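This report concerns only the one structure given below.
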Amino acid sequence: MTEGGVENPVFEPPSPDLRRQQQCSAGPPPAPQQVYEEGPCGWGRLAPRALQLCNNAEGYLAAYSLLAIFQETCQILGTNAANLTCNASTKSSLSNYLYVFILGQLLLGVGGTPLYTLGTAFIDDSVPKHKSSLYIGIGYAMSLLGPAIGYVLGGQLLNIYIDVHLRESAEIDPDDPRWLGAWWIAFLLCSFATWLLIIPFSCFPKHLPGTAKIQAEKISETHNDGSKELVEDKNIGKSFKDFPLALLILLRNPVLMCLIVATATEALIATGFATFLPKFIEHQFSQSSSFSATLGGLVLIPGAALGQIISGILVSKYKMDCKNIIKFTLGTCSVALLLNTVFLFARCGNEPFAGVSETYNGTGTLWNLTAPCNTDCNCLRSFYYPVCGRDEIQYFSPCFAGCTSSTSEKRKRTYHNCSCVGKSPRLPEVNVAYEAIPGKCRAQCMLLPVFLGFFFFTVVFTFMAVTPTTVAILRCVPDKQRSFALGVQSLFLRLLGTIPGPIFFGVAIDNSCTLWDLNECKTRGACWVYDNTKMAYMLIGISAACKVLTIFFVIVAFCLYKAPSSSSVSLEKNAEMASGVHV
């Protein structure tokens, strides 16, 4: 201080009493800060200057998205069905290759999991906290392109015969039941593309430039149950022997476990509808299987991607903390539950089906495909080829419709002399040029556009909870356990969600079946006709029950979450400031 000047405490030497007071209030000395090994983009000493343009979060996100796309293209191309024959006494040597496919699926799971655990945590490390949800949402949304590519690519390659060099000599076409498509070509293309992507993916350093500065600005939001201090004090996670204690810490985190169970119940709904939505559309609205699959893909994939991107943008824009993220998730799940009621009002009754819901012009009985008009035809119930009669009633096959002749013009077949088909109910006096045509009768229910519109928004709000829940999981655990927490989430996701989802939905849909396929072995196969009303109630029952469970566990997580105390936050800030001064 100079004479006549202004006192500036910065230049005043601190008194001994003040120094002792600061030491007492500061608590124990700060823990050593984590060293972030930031480096150039490359392979050892080979680090081209042009490659450094990708050495940032955006470049990593691009590589992450491409790898996720091709990985997802492979839980899709790996789904194959086997044809069973009646001769159960002969066992083909090819059946042993089933274990090869099981091993392949196991390797796909092992190879795919690190991308969504270590890779997601790496994104969270490399960007500011308020931008993490945006980057994760974009990455998750891009991975949804994989199933779309898988369905399209797999469908096109199935038009090529399995033995390419025998294509001309096979003398069969894709419509022949003996046709086997070249499914293996898609695996070769996909695996080749994945291996190519590993090369640029491996060039990224252990930490992107600027990670240390970003981490220094972050304030921990770990659930205040003492786990953060325990992990820091014992330095848990440095060796494999810490695995039991690290797992126990996560399992004892009630907020984490509630969020994980909530994501599992949501995954159960998502995988169930991804598997059976085309079947619901096909039977509920009398559409072809291929068109129903196309409609299902147009609703599920864009809706899921849009939901994840929107939620990522909202969480990032409003810089939500962990508590508000959980609250946001609760809101999206509640809206999705309300929209699930679309199954109650946008559903159709069953179209008339001879021998199932209708008698044969007053002859025959219900639940019996055989009637006096087709008794002498010796029809096979194992051959399902639906035709629509001019009486606007569907028949199991031309044979069960009593048709004895057919004509074909410009690849359009019509059936004549059908003893079971009556006159047209709309124009009974007019002689229609045909008596039956291939395919199901046109649905009289016109609610398909309404259903698709409402269900699209249901998918959007359902997947709006995915990204925020992942971010909340990253926030509520100690920083060193984020990847491990995502791994535990992935395990529970499969055990409670993606594996039982199709099983539960399949059992529910089977319970609504009214006409089963019986082959020559008298073995029950696929279902041909469903009770549409019962199917709709079954699906809304499962989805509503899962949504209620999701909302319940999110509410519990919201109520149990304890943000770090203000004193611990201030100590963390002091530690960061101290480390910055020493550096």
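The values are calculated or read from the model by the stated rules, or taken from the named source; none is laboratory data. All figures in this text were calculated on a predicted structure; none of them were measured in a lab. All Cβ positions, glycine included, derive from the backbone under ideal geometry; neighbour counts span all protein chains shown. These area figures cover heavy atoms from the full protein model, side chains too; ligands, DNA and RNA do not enter into them. Shrake-Rupley method; radii C 1.70, N 1.55, O 1.52, S 1.80 Å.
Structure above, values below:
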read-out	value
Boolean, Phe492 is closer than 30 Å to Ile136 by Cβ, among the aromatic types (Phe, Trp, Tyr) and open to solvent by less than 10 Å² (accessible area, probe 1.4 Å)	no
Check on Leu94, modelled with pLDDT of 85 or more, assigned to a helix (DSSP H, G or I) and open to solvent by 80 Å² or more (accessible area, probe 1.4 Å)	no
Residue match in segment 250-273 (condition: modelled with pLDDT under 85 and either closer than 30 Å to Asn350 by Cα or open to solvent by 10 Å² or more (accessible area, probe 1.4 Å) (or both))	no
Of all residues making up segment 351-383, the number that are within 30 Å of Pro449 (Cβ to Cβ) and not in a loop (DSSP other than H, G, I, E, B)	3
So Pro205, is it part of a loop (DSSP other than H, G, I, E, B), over 32 Å from the mean Cα position of the chain (by Cα), at pLDDT 80 or above and buried (at least 16 other Cβ atoms within 10 Å of the Cβ)	no
Boolean, Thr329 is out of contact with any helix residue (DSSP H, G or I) (no Cβ under 7 Å at 6 or more places or on another chain) and either crowded, with 19+ Cβ neighbours inside 10 Å or more than 30 Å from Ile473 (Cα to Cα) (or both)	no
Of all residues making up segment 28-86, the number that are modelled with pLDDT of 60 or more and within 30 Å of Leu145 (Cα to Cα)	31
First in segment 206-227 and hydroxyl-bearing (Ser, Thr, Tyr), second anywhere and surrounded by fewer than 16 Cβ atoms within 10 Å (Cβ to Cβ) and in a loop (DSSP other than H, G, I, E, B), Cβ under 8 Å, 6 or more apart	Ser227/Arg252
Members of segment 521-543 found to be out of contact with any His (no Cβ under 8 Å at 6 or more places or on another chain) and open to solvent by less than 30 Å² (accessible area, probe 1.4 Å), listed by number	Cys527, Ala536, Leu539, Ile540, Ser543
Helices (runs of 4 or more DSSP H) wholly inside segment 240-350 that include at least 1 residues being under 14 Å from the mean Cα position of the chain (by Cα) and not polar (S, T, N, Q)	254-284, 289-317
Selection count, segment 384-395, where residues are within 18 Å of Lys423 (Cα to Cα) and either in a loop (DSSP other than H, G, I, E, B) or not aromatic (Phe, Trp, Tyr) (or both)	8
Test: residue in segment 310-323 that is modelled with pLDDT of 80 or more, in contact with a His (Cβ under 9 Å, 6 or more places away or on another chain), polar (S, T, N, Q) and surrounded by 22 or more Cβ atoms within 10 Å (Cβ to Cβ)	yes
Meets criteria (within 30 Å of His223 (Cβ to Cβ), at pLDDT 85 or above and over 20 Å from the mean Cα position of the chain (by Cα)) for Val477	yes
Top-ranked residue in segment 347-391 [being open to solvent by 40 Å² or more (accessible area, probe 1.4 Å) and of a type in the set (Val, Ile, Thr); ranked as nearest to Met446 (Cα to Cα)]	Thr359
Flag for Leu549 being within 19 Å of the chain's Cα centre (by Cα), closer than 22 Å to Ala262 by Cβ and surrounded by fewer than 16 Cβ atoms within 10 Å (Cβ to Cβ)	no
Residues of segment 443-458 satisfying the condition of being part of a helix (DSSP H, G or I) and open to solvent by 10 Å² or more (accessible area, probe 1.4 Å)	Leu448, Pro449, Val450, Leu452, Gly453, Phe454, Phe456, Phe457
Residue check for Glu229: among the acidic types (Asp, Glu) and modelled with pLDDT of 85 or more	no
Complete set of residues in segment 111-136 that are crowded, with 21+ Cβ neighbours inside 10 Å and over 25 Å from Ala216 (Cβ atoms)	Tyr116
